[in-house]
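The values are calculated or read from the model by the stated rules, or taken from the named source; none is laboratory data. Quick caveat, the model's predicted, so the values are computed rather than measured. Methodologically, a virtual Cβ is constructed for each residue, glycine included, from the backbone with ideal geometry; neighbour enumeration extends over all protein chains shown. Heavy atoms of the whole protein, side chains included, go into the accessibility calculation; ligands, DNA and RNA do not. Shrake-Rupley method; radii C 1.70, N 1.55, O 1.52, S 1.80 Å.
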Amino acid sequence: MSHKAGFVSIIGKPNVGKSTLMNALVGEKLSIITPKAQTTRHRILGMVNEESYQIVFSDTPGIIKPRYGLQDSMMNFVKGALSDADLILFVTDINEQYDENDVLEKIINSTIPMIVLINKIDGATQEQVDEKQAYWQELLKPKHIFAISALHKYNLEGIMEMVLDYLPEHPPYYDKEDLTDKTQRFFVSEIIREKIFNNYQKEIPYSTEVLITSFKEEEKITRISAEIIVERDSQKNILIGKGGAMLKKVGTEARKDIEKFLDQKVFLETFVKVLPDWRSKKNYLKSFGYEN
């Protein structure tokens, strides 16, 4: 019996719902989701495995014009996702004002088959949906256009069938038991980062990185130490909060989610460390997994 396998890259601007879409398609929460743009920094693979196929979805950072080293690295992850894709899922928000030029530069001349997904249609009129569909059909001439709500899992069923049509016959690329290419440590650091994005304003979430410095699995508890990296002392003070209250809140929220994720009792300790200008320094970016 023939077996299909291939890479499907989810591409779009920041905050259009790419991570929500991948989580819905894979059926697991692999990518963190916050209301802020540029939450996703890495290329995260999520696999859907059945007897006769393996779909490898890539959630990618939102496409932007990079302003510093970290954003350069994020765009390199997008480049990688486009270079090995068998199919592109281009996600656009129904409310976007036709300003996806940064994305279009990367995909408009691509020879890879493309499906356009117009997301967040739950608050839209049929007229708005029709207008957007006509616009994208004319501009990109994609194989298909779906109007969806990733958040409410609306109209996603047809996407999976369509995806399979464009995958080549190929043995699985990954073990059929695998759900992702990332480690538990990676997801634990992402859970902590999600809580930082949800609890702080302005530049704090963007200037923060989370490193897991210790991960010890004991019989009844997993003990985790995490370092939260910031760029300035003033950010460290905001992150810790008065009497350590904010850091404690982040730690408590993260611990609860990590316990659910690991299905195990967790002891989590967090420390804050200042590394000036880490987002622009290649040696730091490399040690944090952003540079190959």
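Within straight cross-link reach of K65, meaning Cα distance under 16 Å, which aspartates and glutamates are found once same-chain residues fewer than 8 apart are removed?
Once the sequence-local aspartates and glutamates are set aside, what remains near K65 is D99, E100, D102, E105.
Write down the accessible area per residue of segment 127-177 in Å², having rolled a 1.4 Å probe over the full set of protein chains. Intermediate results must be reported in sequence, preceding the final value.
On the way: 3320 Å² over 51 residues.
On a per-residue basis, 65 Å².
In whole Å, what is the distance between the alpha-carbon centres of segment 1-39 and segment 177-235?
Value for the Cα centre distance between the two parts: 20 Å.
What shape does the chain have by the C-alpha gyration tensor, where a ≥ b ≥ c are the square roots of the eigenvalues, rounded means a/c under 1.5, and otherwise prolate means a/b greater than b/c and oblate the rest?
Working: a/c = 1.87, a/b = 1.48, b/c = 1.26.
Judged from the Cα gyration tensor, the chain comes out prolate (a/c at least 1.5, a/b above b/c).
Which of the trypsin sites (Lys or Arg not before Pro) found in segment 139-222 are loop residues per DSSP with 11 or fewer other Cβ atoms within 10 Å of their Cβ?
K176, K202, K220
Could you put E227, E219 in order of accessible surface area, largest first, with the 1.4 Å probe and the full protein assembly present? Walk me through the numbers on the way to the answer.
Numbers: E227 45, E219 170 Å².
Final ranking, largest accessible area leading: E219, E227.
Can you list residues whose amide H is under 5 Å from K13's amide H, if they're 5+ apart or on another chain and H is modeled 1.01 Å from N?
Correct list: I63.
Let me know the shape class of segment 126-248, please: from the alpha-carbon gyration tensor, a ≥ b ≥ c as square roots of the eigenvalues, rounded when a/c is under 1.5, otherwise prolate if a/b is greater than b/c, or oblate. Don't skip to the end; give the middle numbers.
Working: a/c = 3.11, a/b = 1.60, b/c = 1.94.
Judged from the Cα gyration tensor, segment 126-248 comes out oblate (a/c at least 1.5, b/c at or above a/b).
For the residue pair D175 and E259, what label-to-label distance in nm results when each label sits 7 Å from Cα along the Cα-to-beta-carbon direction?
Roughly 2.9 nm, to one decimal.
Of the chymotrypsin sites (Phe, Trp or Tyr not before Pro) in segment 30-113, which ones lie in a loop per DSSP and count no more than 14 other C-beta atoms within 10 Å?
Y68, Y98
Considering only Y290, V250, I240, whose Cα is most displaced toward the positive end of the charge dipole of segment 237-292, charges sitting on Cβ of Lys, Arg (+1) and Asp, Glu (-1)?
Result: I240, furthest along the dipole toward the positive end.
Using the Cα atoms of segment 60-212, I'd like the radius of gyration and the largest Cα-Cα distance, Dmax, both in angstrom.
17.7, 49
Going by the alpha-carbon gyration tensor, a ≥ b ≥ c the square roots of its eigenvalues, is segment 186-292 rounded (a/c under 1.5) or, if a/c is not under 1.5, prolate (a/b greater than b/c) versus oblate?
On the way: a/c = 2.08, a/b = 1.32, b/c = 1.57.
Note, shape of segment 186-292 comes out oblate.
Expressed as a whole percentage, what fraction of the accessible surface of segment 126-170 belongs to carbon and sulfur atoms when a 1.4 Å probe is rolled over the protein heavy atoms?
The computed percentage sits at 50.
Over segment 227-292, give the accessible area per residue in Å² for a 1.4 Å probe, as an integer.
Details: 3990 Å² over 66 residues.
That works out to 60 Å² for each residue.
Run through segment 1-84 and list the GluC sites (Glu not before Pro) located in a DSSP loop whose Cβ has at most 10 other Cβ atoms within 10 Å. Let's see the in-between values first.
Working: sites: E28, E50, E51; in loops: E28, E51.
When the GluC sites (Glu not before Pro) of segment 1-84 are filtered for loop state and at most 10 Cβ neighbours within 10 Å, E51 remain.
Quick check on the chain: helices-only [θ] at 222 nm, where DSSP H runs of length 4 and up contribute -39,500 (n - 2.57) each and the sum goes over total residues. Nearest 500, please. The partial results should precede the final answer.
Values: 9 runs with 103 residues, N = 292.
Only helices count here, giving -11000 deg cm²/dmol.
Can you give the charge dipole size of segment 9-139 about its Cα centre, rounded to the nearest 20 debye, using +1 on the beta carbon of Lys and Arg and -1 on the beta carbon of Asp and Glu?
On the way: 12 positive and 18 negative charges, 133 e Å.
Roughly 640 debye, rounded to the nearest 20.
How far apart, in nm, are the 7 Å Cα→Cβ label points at Y68 and Q184?
Here the answer is 3.3 nm between the modelled labels.
Under a GNM of the chain (C-alpha, springs under 10 Å), which listed residue has the highest mean-square fluctuation: L268, L82, L30?
L268
In the structure shown, do any of K18/K216; K220/K273; K36/K249 have a Cα-Cα gap over 24 Å, and if so which? Don't jump to the answer; show the numbers that get you there.
Details: K18/K216 33 Å; K220/K273 30 Å; K36/K249 19 Å.
Result: K18/K216; K220/K273 exceed 24 Å.
Excluding ligands and nucleic acids, what accessible area in Å² is computed for M246 using a 1.4 Å probe, to the nearest 10?
The accessible area of M246 comes to roughly 60 Å².
Once phi is turned into θ = phi - 60°, what whole-Hz ³J(HN,Hα) does the Karplus curve with 6.51, -1.76 and 1.60 give for every residue of segment 44-49, x standing for Gly and Pro?
Calculated HN-Hα couplings, in order: 10, 8, x, 9, 10, 10 Hz.
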